[in-house]
Amino acid sequence: MKTVLPHNALSLEKSRPGRRGVRFEPVQKHAPAYLPEAYLRKTAPKLPELSEFETVRHFTRLSELNYCLDGEFYPLGSCTMKYNPKAYDVLSALPGFSNVHPLAPESSVQGTLEMLYNFQELLKKVTGLAAFTLQPAAGAHGELTGILTARAYHDARKDFNRTEVIVPDTAHGTNPATAHMAGYTVVNIKSAPDGRVDKEALRQALSAKTAVVMLTVPNTVGLFETDIREIADMVHKAGALFYLDGANFNALAGLVKPADMGADLMHLNVHKSFAAPHGGGGPGAGPVGAAAHVAPFLPKPMVELKNGKYTLSGKMPKSLGKMKAFFGNAAVCLRGYCYLRQFDGSTFRQIAENAILNANYVRAALKGKFNAFFDCVCMHECVLSVNPAETNGVHTSDIAKRLLDYGFYAPTIYFPLIVPEAMMVEPTETESKQMMDAFVEAMEQIYAEIQTEPQTVKDAPHSQCVCRIDEVSAAREPNLRW
Ligand SMILES: *Cc1c(COP(=O)(O)O)cnc(C)c1O
């Protein structure tokens, strides 16, 4: 073994026999008291033997390999990777919140219940909807909750023949997946050439079989439905419910209320729109709001205020039941609550305005090089694309990989599906002009490379610890062993 190891050596390579951190008494001495003899191992596992310092350095180095929002810009479209105030993390870690036991008597968790109640009220205020459930653990879980709520609504009216859910092709992928999981037939409708709902196609798809029409607002090409009231009226005339996917509500916050758009049901993503950290599969929250006629069917319990006490014991006889144990992800809701309290009033509107401004800044700055697929003002994200026939054979995936060399995480690519070679850039409301200028500059340099040295782009990345895999060999001669 070499004495000088590369800094990225594996912990097993760094291992030296007998090297230790703090020494505890051998476990074998105590284990037989707790474990049957048959389950005790005879030989020690092959673990690396490192000093405490080496161990700390090893894991610190690994943590630094992770590209994260606290380190860099993250233009991932449809995901809203934005600044999450660290102060909210501190508040949600206060022992009064973090030590609450889900089975504690209500009288001893009044503070948490009050916070959840106030959060419900704030969500009602910003959306104009009549009631909110905080149970769903994420956006997709919110959609399932919404669709099951819609079914409970139709069932209560003995309207059992509604078996279809209409989903435009500009919906988030979770929409058709949710409708399918809930047992509905998904009816897909194509968009009009302007990237918005084709009203004629919708008219033809609507029938007495339609249970729900699910619309992503703004849709996945970053556009707002200009005729949303008319669409809502068409849906309601057919006796169906109008579901809005509001995961990207940060583009609408303070500008328009979903209730005014005719929404019967809607979910919000606290972990996108209201500043709770996400990514890496961490906890989220996807509260679902409902208009008054659908509200009684939402999951129970809800936090209610009765005689000055907050309680979960309210009666909701028409409710579809529970969607999640206890309070939902209360610590995520707490961060959303802090956010709404902090940005209440006029600043709330600024969130949407900045999100829209930033996306349009990037779109306009790159115009003529990477054009927006729909050449119009967008909402919180812009969808750029390339035509490989005009870019020396360079594809979107090549550009995404080259961006890594410039120190940027790649935007969402090849989504939405209706845009060929899509690059979906969402700068979010919290990035500065300087950051967007840096991103635009990197994209411009890549554009120049596409003209002069396209192979550099096609072979990217050049600076990462993992380079591009040989996709042909990987498919033809897969080596599935380490
Ligand atoms: C992110 C997103 C979802 C899914 O939310 P999750 O919390 O990831 O389940 C649904 N719809 C839209 C429009 C989204 O952007």
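The values are calculated or read from the model by the stated rules, or taken from the named source; none is laboratory data. Computed from a prediction, not measured in an experiment: that's the story for all the values here. Using ideal geometry, Cβ is built from the backbone for each residue, glycine included, and neighbour counts are taken over all protein chains shown. We work out accessible area using only protein heavy atoms, side chains counted, and drop any ligands, DNA or RNA first. Shrake-Rupley method; radii C 1.70, N 1.55, O 1.52, S 1.80 Å.
Are there any pairs with C-beta distances below 8 angstrom linking a residue in segment 105-116 that is within 13 Å of Pro95 (Cβ to Cβ) to a residue that is part of a helix (DSSP H, G or I), with the two at least 6 apart or on different chains, and if so which?
Final answer for the pair search is Gly111/Gly96; Gly111/Phe97; Thr112/Gly96; Thr112/Phe97; Thr112/Ala330.
Answer yes if at least one residue in segment 59-72 is touching a residue at least 60 places away in the same chain (Cβ under 8 Å), open to solvent by less than 40 Å² (accessible area, probe 1.4 Å) and not aliphatic (A, V, I, L, M), and no otherwise.
Looking through segment 59-72, none of the residues is touching a residue at least 60 places away in the same chain (Cβ under 8 Å), open to solvent by less than 40 Å² (accessible area, probe 1.4 Å) and not aliphatic (A, V, I, L, M).
Mind checking whether some residue in segment 389-410 is among the β-branched types (Val, Ile, Thr) and under 29 Å from Ala352 (Cβ atoms)? Before you say what the answer is, go through the steps one by one.
Start the filter on segment 389-410 by keeping residues that are among the β-branched types (Val, Ile, Thr), which leaves 391, 394, 396, 399.
Going one step further and asking which of them are under 29 Å from Ala352 (Cβ atoms), we end up with 396, 399.
Yes: segment 389-410 contains one or more residues that are among the β-branched types (Val, Ile, Thr) and under 29 Å from Ala352 (Cβ atoms).
Filter segment 128-146 down to the residues that are surrounded by 24 or more Cβ atoms within 10 Å (Cβ to Cβ) and assigned to a helix (DSSP H, G or I), then identify the one that is nearest to the ligand (Cβ to nearest atom).
The residue in question is Gly139.
For the structure I just gave you, tell me whether Lys158 is more than 16 Å from the ligand (Cβ to nearest atom), under 20 Å from Ser319 (Cα atoms), open to solvent by 40 Å² or more (accessible area, probe 1.4 Å) and out of contact with any Pro (no Cβ under 8 Å at 6 or more places or on another chain).
yes
As an exercise: evaluate Arg151 against (1) within 20 Å of Gly321 (Cα to Cα); (2) touching a residue at least 24 places away in the same chain (Cβ under 8 Å); (3) open to solvent by 60 Å² or more (accessible area, probe 1.4 Å); (4) in a loop (DSSP other than H, G, I, E, B) and give the number of the one condition it does not meet.
Against the list (1) within 20 Å of Gly321 (Cα to Cα); (2) touching a residue at least 24 places away in the same chain (Cβ under 8 Å); (3) open to solvent by 60 Å² or more (accessible area, probe 1.4 Å); (4) in a loop (DSSP other than H, G, I, E, B), Arg151 comes up short only on (4).
So, of the residues in segment 255-278 that are within 10 Å of the ligand (Cβ to nearest atom) and open to solvent by 10 Å² or more (accessible area, probe 1.4 Å), which turns out to be nearest to Gly328 (Cα to Cα)?
Filtering segment 255-278 for residues that are within 10 Å of the ligand (Cβ to nearest atom) and open to solvent by 10 Å² or more (accessible area, probe 1.4 Å), the one nearest to Gly328 (Cα to Cα) comes out as His271.
Criterion first (within 14 Å of the ligand (Cβ to nearest atom) and free of Cβ contacts under 8 Å to residues at least 40 places away in the same chain) does Leu252 satisfy it?
Numbers: within 14 Å of the ligand (Cβ to nearest atom): yes; free of Cβ contacts under 8 Å to residues at least 40 places away in the same chain: no.
So Leu252 fails the test.
What about Asp169, is it closer than 23 Å to Cys378 by Cβ, surrounded by fewer than 20 Cβ atoms within 10 Å (Cβ to Cβ) and within 14 Å of the ligand (Cβ to nearest atom)?
Details: closer than 23 Å to Cys378 by Cβ: yes; surrounded by fewer than 20 Cβ atoms within 10 Å (Cβ to Cβ): yes; within 14 Å of the ligand (Cβ to nearest atom): yes.
In short, yes.
Could you check segment 217-246 and list, in sequence order, the residues that are modelled with pLDDT under 95, open to solvent by 10 Å² or more (accessible area, probe 1.4 Å) and either within 15 Å of the ligand (Cβ to nearest atom) or under 20 Å from Ala131 (Cα atoms) (or both)?
Residue satisfying the conditions is Phe224 alone.
Pull up segment 411-460, narrow it to residues that are without any contact (Cβ under 8 Å) to a residue 12 or more places away in the chain and part of a loop (DSSP other than H, G, I, E, B), then point me to the one that is nearest to Ala171 (Cα to Cα).
Ser432
Is it the case that segment 334-341 has a residue that's within 16 Å of the ligand (Cβ to nearest atom) and either within 30 Å of Thr226 (Cβ to Cβ) or of a type in the set (A, V, I, L, M, F, W, C) (or both)? Talk me through it step by step, then tell me what you get.
The first filter runs over segment 334-341 and keeps only residues within 16 Å of the ligand (Cβ to nearest atom), leaving 335-336.
Add one more test, that the residue is either within 30 Å of Thr226 (Cβ to Cβ) or of a type in the set (A, V, I, L, M, F, W, C) (or both), and what stays is 336.
Scanning segment 334-341 turns up at least one residue that is within 16 Å of the ligand (Cβ to nearest atom) and either within 30 Å of Thr226 (Cβ to Cβ) or of a type in the set (A, V, I, L, M, F, W, C) (or both).
Does Asp260 satisfy being farther than 30 Å from Ala104 by Cα and touching a Gly at 6+ places or on another chain (Cβ under 8 Å)?
Working: farther than 30 Å from Ala104 by Cα: yes; touching a Gly at 6+ places or on another chain (Cβ under 8 Å): yes.
The answer is yes for Asp260.
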